[in-house]
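Reviewing the structure listed below.
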Amino acid sequence: MKNKLFAGLVALALTACGKSPKGDMQIYPTDDEVAKGADVSWVTEQEKAGIKFYDASGTSQDLYKILKSKGMNAIRLRVWVNPADGYCNAQDVLLKAQRAKDNGMDLMIDFHYSDTWADPGKQIKPAAWKNYNFTDLKAAVYDHTFSVLTQLKNKGIKAKWVQIGNETNNGMLWEDGKASVNMKNFAELINEGYKAVKAVDTDSKVIVHLSNGYDNSLFRWMFDGLKANSAKWDVIGMSLYPSATDWKQKNTACLTNMQDMVSRYGSEIMICEVGMPASEAQACQSFIKDLLNKVKTLPQNKGLGVFYWEPQSYNSWKNYKLGAFDDSGKPSVALNAFMN
């Protein structure tokens, strides 16, 4: 009996293993272990505007259920401090996060530390924080992070991953936290967020997120600088928005960058955002499928997953044309990549 059990375990292990370039056995993650998700932060605003979502047969259905039927197992939600229209504030995030929990989906929380969009071109302080000195600004980062995550926890909702800042290619909360001016300040802000996340749940993984996942020089500059200033993070997050003609080159460069981030810092990797024009759905499917496969090849299961950014956007909602639903409100073939 023991021999049969041992043989079975060996066979099971071999099915999950492959040869690495060095010839040693490498265990790859299974589909169940990889996050296949979507940022759906617009969903409540879309629903309020009367927008509906449909399954392949044309039947109106809850967005989360449609995405889950396409193989997705995780949801990403952005958090703004005090947005003018109320969408993406803590209360709105709680509603959307509850729906993720109800559908058995993991959750990523993306703190922008702004009242509006934060990205490589702008990192605008919340109006309420505008005149804070740096000590108060750090406290605000901690308190805001702790408050939102605690509200989730009190509802029995776990944030599996938490971004401290969004596409922080040059830091956040400018000018105080602009990395090219004061990397030490940015590192201290990251650490306040890190401490707040761990104070709520030590198992939540902290992500520092940059765009242009193919740009190794950018990532080395940022994470060398953060490491030199004692910043703490668990996961390096990346965005990748290639075209239908250059996605193969961008994916190859992204893989090289991911491999370097793993070997250089020992970090796990998450592709936090991807997208491609909705009109290029077939190319987008090939892009995502290839990227997922590349993420799965990272050593020691360091590749955590891939998230599509606002796939449910269609008919140029908010003038955004990189969704993955067709003009009739049904998921395009692009999302079939998550079913593999």
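Is it the case that G266 is small (G, A, S), at positive phi and open to solvent by 10 Å² or more (accessible area, probe 1.4 Å)? Yes.
Scanning region 71-111 for residues that are assigned to a loop (DSSP other than H, G, I, E, B) and under 15 Å from the mean Cα position of the chain (by Cα) turns up M72, N73, M105.
Restricting attention to region 191-198, does a residue exist that is more than 20 Å from A74 (Cα to Cα), free of Cβ contacts under 8 Å to residues at least 24 places away in the same chain, in contact with an Asp or Glu (Cβ under 9 Å, 6 or more places away or on another chain) and open to solvent by 40 Å² or more (accessible area, probe 1.4 Å)?
No; the residues of region 191-198 include none that is more than 20 Å from A74 (Cα to Cα), free of Cβ contacts under 8 Å to residues at least 24 places away in the same chain, in contact with an Asp or Glu (Cβ under 9 Å, 6 or more places away or on another chain) and open to solvent by 40 Å² or more (accessible area, probe 1.4 Å).
Number of residues in region 49-62 that are in contact with a strand residue (DSSP E or B) (Cβ under 9 Å, 6 or more places away or on another chain) and either of a type outside the set (D, E) or part of a strand (DSSP E or B) (or both): the value is 6. Between Y54, Y142, Y113, the distinction of being under 26 Å from N212 (Cβ atoms) and not charged (D, E, K, R) belongs to Y113 only. So the check is Cβ under 9 Å with 6+ separation or different chains; which pairs have a first residue in region 285-297 that's small (G, A, S) and at pLDDT 95 or above and a second one that's assigned to a helix (DSSP H, G or I) and surrounded by fewer than 21 Cβ atoms within 10 Å (Cβ to Cβ)? Going by the 9 Å Cβ cut-off, the qualifying pairs are S286/K248.
Scoring A128 on the criteria (1) open to solvent by 60 Å² or more (accessible area, probe 1.4 Å); (2) of a type in the set (A, V, I, L, M); (3) part of a strand (DSSP E or B) leaves a single failure, condition (3).
For the structure I just gave you, tell me whether T168 is among the hydroxyl-bearing types (S, T, Y), surrounded by fewer than 22 Cβ atoms within 10 Å (Cβ to Cβ), closer than 27 Å to L240 by Cβ and modelled with pLDDT of 95 or more.
Working: among the hydroxyl-bearing types (S, T, Y): yes; surrounded by fewer than 22 Cβ atoms within 10 Å (Cβ to Cβ): no; closer than 27 Å to L240 by Cβ: yes; modelled with pLDDT of 95 or more: yes.
Against the criterion (among the hydroxyl-bearing types (S, T, Y), surrounded by fewer than 22 Cβ atoms within 10 Å (Cβ to Cβ), closer than 27 Å to L240 by Cβ and modelled with pLDDT of 95 or more), T168 does not qualify.
Within region 230-263, the set of residues being more than 19 Å from R76 (Cβ to Cβ), touching a strand residue (DSSP E or B) at 6+ places or on another chain (Cβ under 7 Å) and buried (at least 22 other Cβ atoms within 10 Å of the Cβ) comprises just one member, M261. For first residues located in region 200-223 and free of Cβ contacts under 8 Å to residues at least 12 places away in the same chain, partners that are open to solvent by less than 10 Å² (accessible area, probe 1.4 Å) and lie 6+ apart or on another chain with Cβ distances below 9 Å form the pairs W221/A179.
The values are calculated or read from the model by the stated rules, or taken from the named source; none is laboratory data. All values derive from a computational prediction rather than experimental measurement. Positions of Cβ are generated from backbone atoms using ideal geometry, with glycine treated the same way; all protein chains shown enter the neighbour counts. Surface areas here come from the heavy atoms of the whole protein model, side chains and all, with no ligands, DNA or RNA. Shrake-Rupley method; radii C 1.70, N 1.55, O 1.52, S 1.80 Å.
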